[in-house]
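Worksheet for the structure shown next.
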Amino acid sequence: MSRSKIGTTEAVLIILTVIISHSILSLPRDLIVRTKSATILNIIFITIICTILALLIVKLFKKFGNADILDISEYLGGKLFKQIVGAIFIFYYMVSSAILLRNFCEALGLVYFQMTPIIFLILLFVIGSCISNRLGFNVSLKVNLLILPIALVSIVFIFIANFKSFDIQKIFPILGGGFKDTFVTGLLNISAFEGLKYLYFIPPYLKEPEKYKKISVLSAILTGTYLILCVSIILFIFPSFFTTNEIMPLYSAARYISFGNFLQRLESIFMMVWILSFISYLTIATKFAISIFQKMTNIKNTKEIINVFGLLTIAISMFPKNLAVSTFWETKIYSYFSIAIIFVFGISILILANIKKRKNL
Amino acid sequence: MNFGIPETMSTERPDKACEFLMEGRVIIIVNGSPYAIILPITLIDYMTSPEDKNLKTNFANFLRMLRFIGAFLTLLLPGLYVAITSFHEEILPTELLFSILASRENVPFPVIFEILIMEISFELIREAGLRVPSPVGPTIGIVGALVLGQAAVSADIVSPILIIIVAITGIASFTIPDFIFGFHLRYFRFAFILLGYMAGFLGIGIGLFVYLSVLCSLNSFGVPLTVPIAPKIKTEENGYFLSPIWKREHRASYISSKKPNSQENISMKWKNSYK
Amino acid sequence: MKYTFKRIFVLTIIVLLLVAFSGSYKSLSIDKLAYVVAIGIDKSSSQGYNFSFQFTNVTSNSESGTAEKSPSIVNNVEANSIGSAINLMNSYIGKRINLSHCKVIVISEEVASEGISKHIYTLMNDTQIRPSANIVVSKCTAKYYIQNSKPILENLITKYYDIFDYSSNFTGYSSDATIGDFLNKLECDTCNPVAILGGMNTENISYPTDITENQSSSVKANESTISGKRGSENIGLAVFRDDKLVGELNALECLSYLNMTNKAKGFFITIPDPESENSYLDIYMSPTNPTKISIKITNGSPYIKVKCYFSGRIYSVDSNRQYLDEKKLEAISDICDSYLESAFSDYLYKTSKEFKADINEFGKYALSLFLTTNDFNNYNWNENYKNAFFDVKIDSIVESSILLTET
């Protein structure tokens, strides 16, 4: 087999890794800070918009058969444009995963490993992901299939176990910061759906290409449902008008779980599940970056390139000086970056390519 | 890199070999060796015992679940114990923590050293038990238990809770039907002990991820080891659990056998109907 | 050759990681930690605070199984903040203090009236503290309270600390106030926190000459008529506005608080017997439905309607009585209604006019009346709560006595 194939469930779960890994960090809190108590309404609104955008992407890909966005950009602007687009996407994949890695390791270091320099925590993650990538293309997808359902169940478990301390009244006032805040400025919350970045690259690898539409719709809806769960946990437990920022809100929510007096403070178990899902996310992001690189440069064997990309991840994650800088990158810059590349840049390439194809016909 | 996970199964029992042959697999018999080699093999097959098909399906499925729990405990229990006592003591209920502290009061060794001593002694007893002549066998067993258990605790070399952990791990390792698979789990729990000691749940998580990656990358003569979960295959007979006898109508689809149906659709009916 | 290089490289990485993580695993090993069970904060004669740390001596919990009471050790230190206190105590004890099994945080009245937000935020900033640890405001010094918290019916003091707030489920005279809840209510604009009220229990109490029927339900910690082996007791609640102590609730008011916040599961009340004067009935009431609260804003002030539903069983039975008569049961129910209505009303007006603190979290029910967060912030619930009107209705049904229906 020259090219390995991705099944339908695997594809949906690839897109979900991103949202799970980001939601462990500061994503739910950022959403709530932007739209206050109308966040759930806002997420429903945004899920509908993203489903429509995902369907749009699938429709724009239809005319090109099994091509991914690199082939389309080659068709649009020639080889140079293909290299530029490839470089932008590699940059985006590497930087986003490195920033999240840095923030996660900082949080882990604060809670458990105060005496260890952070580079060793990052090193552990990168070693794990490099080993997994070297074993083959499909390996990390299969492991993802094993791990991700457990991560989803863990969030549902936190939701159910904390149910008795929920204050449903915190969903009011229903319009939060106002109509403009919820539906116009709140559109920026679309950056939570950055998992859709994989939709641009999976068409050539799909085992059943006719299920592409189903994959995109299912992943958008599942992401939205998952986000609603996460946001409700944080909105209903913690006070409504956020004055205190915590480093990992879901972790703090997991600390409140207690069954009687003997089963308390279970947050370490959730931490282990989240570590597994995070390293899975890192492996898949690195893998797709490497496959883009392979397509750009036509390298036959990528085994040694994997080490280089691992070192690159370490280098980028060590770039911010301290937690304040990396949190600033994650909360402020990251969302605009995601929206610009995934929704503006990607969709405009597809639209221009479709226009060119229609002109040529 | 395959971590010693076997890709074929070898057995001395004719009924086990025949059962796999009827399922559609290939048996290799070599002149001069008492073992028959069965291939291709998947992870679930390591957890099945030939007697399962003769029991009622509920009991057989219960036993299968028990074996999976046994495999999990064999691999991870000592590592989890070391990780919890080193990094995550808040999980333990307060009274349990205080009884652990009280029992460790006079023990001179740190947790990692204790657990390595006990695990290695257990492996020594296990290996020695294979070559003990039968008249002396039970005596050695009693002496081993007494020496390891009671005397070591009374002499404050190890703490009692550690004996429980090691005993449960040992018993769990005996629930796995296939010898080589059980051996590889026993072999790797030392890696997890070391990882748990070094970095707590982070180390165990990363170790588990690498272990699962290797497990998913292995093929047994073209059949992935972790089918039907990864890759996901929609089948009737491929699940983890046995279906009742009258429902076993298909052979496993990942084997691509020549006759996919082993029984016809409704097998429980009268063959000859009298007018 | 390449194979050897690879092996050496892998080995180097493993050794490097082992060395790098050695700092963490050496310092956190279970043998090197001392577990604090309770923390106490008092005001000291100089500017700082007097911190008390209670430890349990674990050697008496050995495997022999004998039921020995494990002694607890209380150490004190004077410092300006919790961090420096822990630092000083670490150097004294040798082992490193770990707060992950701290069950109770005791704060003396004096410290509480000056404001405790700094202590609460510092404690919750620590990764080790459990959000389910209880907060107690003691009327005596925290040091006395902790020293006299001896387990009577249990072996370990931690077992007592685990279950002493559980009594609120069936008496209603105290409540479960945890530090996690305290922090959430501190940050919330519309509600105010409470803490358990603790005090001394000494054996020489002077009994008042006339014991009226209200005596047992208007007690607070430090003043109860209980005498027992343990020198500390917890009855009532301490009320905070923002982070300063503003008042206390006695047993009956605490019961009202539990009913307003839907935490009550069952409690006793003592009402005058309608059939004979100078005699009282004990009824065990349990809520059948959650309390219904509805809020309207009239002329800028909140108008709060509260409706509670109870069912009761007669507990105290006398001779020559009939307890299954419908009319008599109705009469008893009406008396229960009026008793509880007046008790709840008094309590609600006390929180509104005297304490000016919304500890019942009524503010969250008002959220649905506003469309945007700005509107709600402009309304300023905290300021308007002191002008609130309350309308309490109780619907209780006393069903029967328990085993004896007629004597």
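If you scan segment B:171-193, which residues turn out to be more than 11 Å from the chain's Cα centre (by Cα), in contact (Cβ under 8 Å) with a residue 24 or more places away in the chain and either buried (at least 16 other Cβ atoms within 10 Å of the Cβ) or not in a helix (DSSP H, G or I) (or both)? Answer for segment B:171-193, where residues must be more than 11 Å from the chain's Cα centre (by Cα), in contact (Cβ under 8 Å) with a residue 24 or more places away in the chain and either buried (at least 16 other Cβ atoms within 10 Å of the Cβ) or not in a helix (DSSP H, G or I) (or both): B:188, B:189, B:190, B:192, B:193.
Yes or no, residue by residue, for (1) of a type in the set (Phe, Trp, Tyr); (2) at pLDDT below 90; (3) surrounded by fewer than 21 Cβ atoms within 10 Å (Cβ to Cβ):
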| residue | (1), (2), (3) |
| --- | --- |
| A:1 | no, yes, yes |
| A:9 | no, yes, yes |
| A:15 | no, no, no |
| A:20 | no, no, no |
| A:23 | no, no, no |
| A:28 | no, yes, no |
| A:31 | no, yes, no |
| A:34 | no, yes, yes |
| A:48 | no, no, yes |
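Out of curiosity, is residue A:78 at pLDDT below 90, on the phi > 0 side of the Ramachandran plot and outside any helix (DSSP H, G or I)? No; evaluated as a whole, the condition is false for this residue. Restricting the search to strands (runs of 3 or more DSSP E) fully inside segment C:77-175 and requiring at least 3 residues that are surrounded by 20 or more Cβ atoms within 10 Å (Cβ to Cβ), in the same structural domain as residue C:222 (by TED's automatic domain parsing) and not basic (Lys, Arg) gives C:104-108, C:134-138.
Give just the number: which of (1) buried (at least 21 other Cβ atoms within 10 Å of the Cβ); (2) outside any helix (DSSP H, G or I); (3) not hydrophobic (A, V, I, L, M, F, W, C) does residue B:74 not satisfy? Residue B:74 satisfies all of (1) buried (at least 21 other Cβ atoms within 10 Å of the Cβ); (2) outside any helix (DSSP H, G or I); (3) not hydrophobic (A, V, I, L, M, F, W, C) except (2). With respect to being at pLDDT 85 or above, more than 23 Å from residue C:261 (Cα to Cα) and more than 12 Å from chain A (Cβ to nearest Cβ), residue C:121 falls outside the description. Condition test on residue C:126, is it closer than 16 Å to residue C:193 by Cβ and at pLDDT below 90? No: the conditions fail for residue C:126.
Among the residues making up segment A:134-178, those that are farther than 26 Å from residue C:189 by Cα, of a type outside the set (A, V, I, L, M) and more than 11 Å from chain B (Cβ to nearest Cβ) are A:154, A:157.
When segment B:80-108 is limited to residues that are within 30 Å of the chain's Cα centre (by Cα) and not in a helix (DSSP H, G or I), the one that is farthest from the other protein chains (Cβ to nearest Cβ) turns out to be B:92. Name the single residue, out of those in segment C:355-399 being at positive phi and not basic (Lys, Arg), that is nearest to the other protein chains (Cβ to nearest Cβ). Selected residue: C:361. Between A:158, A:119, the distinction of being crowded, with 20+ Cβ neighbours inside 10 Å and under 25 Å from residue A:330 (Cβ atoms) belongs to A:158 only. Across segment C:345-368, the number of residues qualifying as in a helix (DSSP H, G or I) and in contact with an Asp or Glu (Cβ under 9 Å, 6 or more places away or on another chain) comes to 8. Screening segment B:194-223 for residues that are aliphatic (A, V, I, L, M) and not in a helix (DSSP H, G or I) and picking the one that is farthest from the other protein chains (Cβ to nearest Cβ) gives B:223.
Residue check: residue B:51 meets all listed conditions (1) closer than 30 Å to residue C:37 by Cα; (2) within 21 Å of the chain's Cα centre (by Cα); (3) of a type outside the set (A, V, I, L, M, F, W, C) but one, namely (1).
Confirm whether residue B:140 is part of a helix (DSSP H, G or I), surrounded by fewer than 20 Cβ atoms within 10 Å (Cβ to Cβ) and either without any contact (Cβ under 8 Å) to a residue 40 or more places away in the chain or of a type outside the set (Gly, Ala, Ser) (or both). Criteria met by residue B:140. Residues in segment B:21-52 that are of a type outside the set (D, E, K, R) and part of a helix (DSSP H, G or I): 6 in all. Restricting attention to segment A:241-290, which residues are of a type outside the set (Val, Ile, Thr), away from chain B (no Cβ under 14 Å) and part of a loop (DSSP other than H, G, I, E, B)? A:241, A:242, A:245, A:246, A:248 - these are the residues of segment A:241-290 that are of a type outside the set (Val, Ile, Thr), away from chain B (no Cβ under 14 Å) and part of a loop (DSSP other than H, G, I, E, B). Taking each residue of segment C:15-26 that is more than 8 Å from chain A (Cβ to nearest Cβ) and looking for partners that are part of a helix (DSSP H, G or I) with beta-carbon atoms closer than 7 Å, six or more apart or interchain, yields C:18/B:198; C:25/B:86; C:25/B:197; C:25/B:198. Take the residues in segment C:359-399 that are in contact (Cβ under 8 Å) with a residue 24 or more places away in the chain and touching a Leu at 6+ places or on another chain (Cβ under 6 Å), then tell me which one is surrounded by the most Cβ atoms within 10 Å (Cβ to Cβ). Once the filter is applied, the top-ranked residue is C:398. Go through the residues of segment C:298-305 one by one and say whether even a single one is assigned by TED's automatic domain parsing to the domain that holds residue C:151, closer than 24 Å to residue C:365 by Cα, at pLDDT 85 or above and in contact with a helix residue (DSSP H, G or I) (Cβ under 6 Å, 6 or more places away or on another chain). No: segment C:298-305 contains no residue that is assigned by TED's automatic domain parsing to the domain that holds residue C:151, closer than 24 Å to residue C:365 by Cα, at pLDDT 85 or above and in contact with a helix residue (DSSP H, G or I) (Cβ under 6 Å, 6 or more places away or on another chain).
For beta carbons closer than 7 Å, sequence separation of 6+ or different chains, a first residue in segment C:175-194 that is touching a residue at least 24 places away in the same chain (Cβ under 8 Å) and a second that is assigned to a helix (DSSP H, G or I) and among the aromatic types (Phe, Trp, Tyr), the qualifying pairs are C:175/C:257; C:190/C:381; C:193/C:182. In the condition set (1) touching a residue at least 40 places away in the same chain (Cβ under 8 Å); (2) out of contact with any Lys or Arg (no Cβ under 6 Å at 6 or more places or on another chain), residue A:236 is compliant with all but (2). Condition check for residue A:320 on (1) surrounded by fewer than 22 Cβ atoms within 10 Å (Cβ to Cβ); (2) in a helix (DSSP H, G or I); (3) in contact with a Phe, Trp or Tyr (Cβ under 8 Å, 6 or more places away or on another chain): one failure, at (2). Is it the case that segment C:333-342 has a residue that's of a type in the set (Gly, Ala, Ser), part of a helix (DSSP H, G or I) and within 14 Å of another protein chain (Cβ to nearest Cβ)? No, because not a single residue in segment C:333-342 is of a type in the set (Gly, Ala, Ser), part of a helix (DSSP H, G or I) and within 14 Å of another protein chain (Cβ to nearest Cβ).
The values are calculated or read from the model by the stated rules, or taken from the named source; none is laboratory data. The shown structure was predicted, so the numbers you read here are calculated from the model rather than taken from an experiment. Reconstructed Cβ throughout: ideal geometry from the backbone, glycine too, with neighbour counts over all protein chains shown.
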